[in-house]
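Visitor: Quick one: the structure is below, and I'll ask about it shortly.
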Amino acid sequence: MPIGSNNDNIERPDPPVEPATEGISNLVIAEGAPFHLKLRNLKCSDVRWFFKSRMGELVAFNGNDSLILEIMYRFANGQNLDTYAQLIYDKYLNEFYFRKVESSGTPNDAQQSKPPPLILNHLYKASDDLKTISPAFWEGEPISIERGAYLTLTDEIIEQKLAMVLQRLQDEVQVGRYPHEEKIEIKIESDSIEVHVVWYSPTQLVIHRKGGETRTLIKHYKAAATWSVEHSKVDHLVFTVHGVSNNGKVHNIVDGAKGLNKGVNSRTEKGCGIVFMPIHWRTDLFEDETSHKCAKITGRMSARLQNLLDDVKRYYCKECGPKIKEKVIEEFNSLYDKFSSYHKDFKGCVSLFGHSLGSVICYDILTEKPKLDSRKDTKKEPKVELPELEKSVDKLFTVGSPLWFFFEHRGKADMTKFRRTVESLPIYNIYHPNDPAAGRLEEVVDSYYKDTPPIEIPKKSKKLTWIYRFIARPATRFMSSNVRRSKVLLRKNIMVRGVTKLQFPIDYELEMAGEWNYLHSHTIYWRHDSVFRLLDFIFTQEKRSQVEIKNPENEEIQEENQIK
């Protein structure tokens with residue numbers, strides 16, 4: 001039963017799925033027919049807030065975010081909440097700070113010690129004037145937001161240029177002068193269009209284009225904003241760690257985390273609940289980039305390749321390597337503390353998502369013991385105890401990972417440690433077959449798995465463009481054959497024949513098909529639909545399904561590896 005009816009009970013455990021049926025959300029209006037609606041009659045659910053995308057287009061916030069912003073707006077302007085909005089505030093938002101203006105017109109700042117509510121996947125906070133939102137966990141440009149937008153009765157947003165002219169003219173129309181007529185001329189691309197506009201209220205107008213149709217516009221969504229209990233919770237917090245070549249490029253890992261947040265949560269049936277948080281460790285880590293020269297990596301063929309990458313050489317350095325791990329741990333703890341201040345009741349899972357060298361850093365942080373840093377010159381530089389993670393990690397995602405490459409250099413002791421690690425820590429190794437840096441990890445556990453295919457994550461679309469058929473496909477095949485050949489040469493030293501069985505699969509291979517972007521195979525994971533779908537599956541399943549893996553000791557050959 002909707003809130004607002006006579007039988008409503010304010011003590012009910014959860015708000016209803018639907019808000020009150022009064023207001024814009026329940027109006028039935030003939031096309032072109034005027035109606036009169038005053039702003040004071042609008043419920044919070046009748047108002048929809050929007051943010052501007054990078055392309056300058058207005059995008060509607062989801063129901064939860066729009067309700068939060070409207071509640072903030074009403075409190076800041078000394079307006080009362082309707083029953084539905086008040087119930088949401090009392091049950092879910094009372095622990096956050098809302099700037100309230102009393103009837104005297106002065107702000108009530110008695111609760112400023114509380115954190116402000118977060119919106120847009122729990123990562124942004126609104127400015128006091130409710131004109132912009134800014135990142136809560138990293139430095140970034142603010143995003144413009146607007147209360148309402150000009151829409152048709154089918155919730156279609158009109159052209160941005162026309163909307164800007166209408167807003168400017170409406171600001172000049174004084175209350176009490178409705179209806180108000182105006183003829184305007186706008187340019188869309190190379191065309192000049194004459195539009196006749198009649199305002200009937202601050203929230204409703206009719207436009208007629210010369211030689212075109214007449215349309216009724218409203219300043220808010222016709223569909224009401226509803227509160228989703230699932231959306232208001234965070235079940236999984238994932239820290240993403242970047243790899244090489246990110247000095248001075250904080251935006252790379254930030255954009256990567258944004259892409260994962262958008263891609264994964266758009267596919268999650270429960271809505272929000274999975275939050276990806278960026279960790280940037282490289283910029284300004286070393287005060288003087290030229291004063292210290294790391295020793296070259298020697299001893300194996302792989303060292304030649306690793307010496308070409310400055311960040312890899314620094315990570316191997318006994319002086320610089322611990323600093324990198326210490327920086328990642330400090331960023332993890334700082335971000336988790338800040339996150340916990342907004343989500344005091346968080347009881348979800350925490351994971352690490354490491355890309356490229358970042359996956360090696362994450363793995364080492366989770367597995368290295370003892371915690372002491374062993375540096376050569378103990379007289380000049382005493383041993384330093386690395387800080388510990390303040391929150392235990394439930395899963396590790398190695399993405400585009402050269403971890404197998406590092407095992408080849410480190411030797412058998414580290415391979416033995418890896419086999420023990422996978423018994424207690426779920427590791428998901430996601431890679432593209434053309435990625436020259438990435439490779440399988442199941443083969444490190446036992447050489448038997450060399451002949452056991454990985455889990456293949458197919459693309460959603462099988463359609464091939466003509467560009468791929470004639471150019472990209474031959475190029476990717478050539479690249480794939482050469483990458484595989486080089487990996488076989490390097491892997492021959494890491495094969496270990498044993499009796500180790502995997503309880504769950506580790507390797508997940510992206511399907512090689514149909515996109516030119518596969519030529520950039522080492523960086524596609526941040527925007528790959530198959531990665532989004534795999535992460536959605538892993539995080540939203542209630543219980544991880546066990547996969548039967550072939551056992552070299554068994555006489556009976558079981559079926560091919562697959563997720564049940």
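Visitor: Please go through the stretch 427-462 and pick out each residue that is open to solvent by 40 Å² or more (accessible area, probe 1.4 Å) and either basic (Lys, Arg) or within 26 Å of PHE532 (Cβ to Cβ) (or both).
Guide: Across the stretch 427-462, the qualifying residues are PRO436, LYS450, PRO453, GLU456, PRO458, LYS460, SER461, LYS462.
Visitor: Inside the stretch 123-164, counting only strands (runs of 3 or more DSSP E) that do not spill past its ends, which hold 2 or more residues that are open to solvent by 50 Å² or more (accessible area, probe 1.4 Å)? So that I can check it myself, show each step before the final result.
Guide: Working: elements: 124-126, 132-135, 143-147.
In the stretch 123-164, 143-147 are the strands (runs of 3 or more DSSP E) which contain 2 or more residues that are open to solvent by 50 Å² or more (accessible area, probe 1.4 Å).
Visitor: Collect the residues in the stretch 377-413 that are over 30 Å from LEU237 (Cα atoms), at pLDDT 80 or above and of a type in the set (Lys, Arg), keeping them in residue-number order.
Guide: Those that are over 30 Å from LEU237 (Cα atoms), at pLDDT 80 or above and of a type in the set (Lys, Arg): ARG410, LYS412.
Visitor: Still on this structure, please answer the following. Out of curiosity, is ASN246 closer than 24 Å to TYR428 by Cα, at pLDDT below 90 and not aliphatic (A, V, I, L, M)? Before the answer, list the steps.
Guide: On the way: closer than 24 Å to TYR428 by Cα: yes; at pLDDT below 90: yes; not aliphatic (A, V, I, L, M): yes.
Considered against the rule, which asks whether it is closer than 24 Å to TYR428 by Cα, at pLDDT below 90 and not aliphatic (A, V, I, L, M), ASN246 comes out as yes.
Visitor: Same structure again: For the stretch 255-295, name all the residues that are open to solvent by 80 Å² or more (accessible area, probe 1.4 Å) and modelled with pLDDT of 85 or more.
Guide: Matches in the stretch 255-295: LYS262 only.
Visitor: How many residues does the stretch 196-210 hold that are open to solvent by 40 Å² or more (accessible area, probe 1.4 Å) and modelled with pLDDT under 80? So that I can check it myself, show each step before the final result.
Guide: Applying the first criterion (open to solvent by 40 Å² or more (accessible area, probe 1.4 Å)) to the stretch 196-210 yields 196, 200, 208-210.
Checking the rest, the ones that are also modelled with pLDDT under 80 come to 210.
Selection size over the stretch 196-210: 1.
Visitor: Turning to a different aspect of this structure: Restricting to the stretch 298-324, give me the number of residues that are at pLDDT 85 or above, in a loop (DSSP other than H, G, I, E, B) and more than 16 Å from ARG410 (Cα to Cα).
Guide: Result for the stretch 298-324: 1.
Visitor: In this structure, does MET55 turn out to be aliphatic (A, V, I, L, M), open to solvent by 80 Å² or more (accessible area, probe 1.4 Å) and either at pLDDT 75 or above or part of a helix (DSSP H, G or I) (or both)?
Guide: Yes: the conditions hold for MET55.
Visitor: Within the stretch 159-195, take every residue that is aliphatic (A, V, I, L, M), touching a Phe, Trp or Tyr at 6+ places or on another chain (Cβ under 9 Å) and at pLDDT 70 or above and give me the one that is nearest to VAL206 (Cα to Cα).
Guide: Narrowing the stretch 159-195 to residues aliphatic (A, V, I, L, M): 162-166, 169, 173, 175, 184, 186, 188, 193, 195.
From what is left, the residues that are touching a Phe, Trp or Tyr at 6+ places or on another chain (Cβ under 9 Å) are 162-163, 166, 169, 173.
Filter once more, keeping what is at pLDDT 70 or above: 162-163, 166, 169.
Numbers: LEU162: 13, ALA163: 13, LEU166: 11, LEU169: 14 Å.
Looking at residues that are aliphatic (A, V, I, L, M), touching a Phe, Trp or Tyr at 6+ places or on another chain (Cβ under 9 Å) and at pLDDT 70 or above, I get LEU166.
Visitor: Is it fair to say ASN252 is modelled with pLDDT of 80 or more, under 30 Å from LYS347 (Cα atoms) and not in a strand (DSSP E or B)? First the steps, then the outcome.
Guide: Working: modelled with pLDDT of 80 or more: yes; under 30 Å from LYS347 (Cα atoms): yes; not in a strand (DSSP E or B): yes.
Yes, satisfied.
Visitor: Continuing with this model, one more query. How many residues are assigned to a loop (DSSP other than H, G, I, E, B) and buried (at least 20 other Cβ atoms within 10 Å of the Cβ) if we restrict to the stretch 211-221? Please lay out each step first, then the result.
Guide: If we filter the stretch 211-221 for residues that are assigned to a loop (DSSP other than H, G, I, E, B), which is where we start, we get 211-213, 219-221.
Retained after the next criterion (residues that are buried (at least 20 other Cβ atoms within 10 Å of the Cβ)): 219-221.
Count: 3.
Visitor: PHE96: open to solvent by less than 60 Å² (accessible area, probe 1.4 Å), closer than 27 Å to ASP345 by Cα, assigned to a loop (DSSP other than H, G, I, E, B) and modelled with pLDDT under 95, yes or no? Reasoning before the result, please.
Guide: On the way: open to solvent by less than 60 Å² (accessible area, probe 1.4 Å): yes; closer than 27 Å to ASP345 by Cα: yes; assigned to a loop (DSSP other than H, G, I, E, B): yes; modelled with pLDDT under 95: yes.
When the stated conditions are applied, PHE96 passes them.
Visitor: Let me ask another. Since ALA224 meets every condition but one in (1) over 22 Å from the mean Cα position of the chain (by Cα); (2) surrounded by fewer than 19 Cβ atoms within 10 Å (Cβ to Cβ), which condition does it not meet?
Guide: (2)
Visitor: I would also like to ask the following. For the stretch 228-249, which positions are open to solvent by less than 20 Å² (accessible area, probe 1.4 Å), over 18 Å from VAL312 (Cα atoms) and either assigned to a loop (DSSP other than H, G, I, E, B) or among the small types (Gly, Ala, Ser) (or both)?
Guide: VAL234
Visitor: If you don't mind, another one. With respect to VAL101, determine if the residue is touching a helix residue (DSSP H, G or I) at 6+ places or on another chain (Cβ under 7 Å) and open to solvent by 10 Å² or more (accessible area, probe 1.4 Å).
Guide: Details: touching a helix residue (DSSP H, G or I) at 6+ places or on another chain (Cβ under 7 Å): yes; open to solvent by 10 Å² or more (accessible area, probe 1.4 Å): yes.
Judged against the criteria, VAL101 is a match.
Visitor: Pairs please, first residue from the stretch 321-347 and free of Cβ contacts under 8 Å to residues at least 24 places away in the same chain, second anywhere and outside any loop (DSSP other than H, G, I, E, B), Cβ atoms under 6 Å, 6+ apart in sequence or on different chains.
Guide: Note: pairs meeting the criteria are GLY321/TYR315.
Visitor: Name the single residue that is surrounded by the most Cβ atoms within 10 Å (Cβ to Cβ) among those in the stretch 330-357 being of a type in the set (A, V, I, L, M, F, W, C) and not in a helix (DSSP H, G or I). Step through it out loud before you land on a result.
Guide: Pass one, the stretch 330-357, residues of a type in the set (A, V, I, L, M, F, W, C): 332, 335, 339, 346, 349-350, 352-353, 357.
In the following step, the residues that additionally are not in a helix (DSSP H, G or I) were identified as 346, 349-350, 352-353.
Numbers: PHE346: 17, CYS349: 17, VAL350: 20, LEU352: 25, PHE353: 27.
Result: PHE353.
The values are calculated or read from the model by the stated rules, or taken from the named source; none is laboratory data. All values reported here derive from a predicted model rather than from experimental measurement. Note: ideal-geometry Cβ built from the backbone for every residue, glycine included; neighbour counts use all protein chains shown. Note: accessible area is taken over every heavy atom of the protein model, side chains too, but ligands, DNA and RNA are not part of it. Shrake-Rupley method; radii C 1.70, N 1.55, O 1.52, S 1.80 Å.
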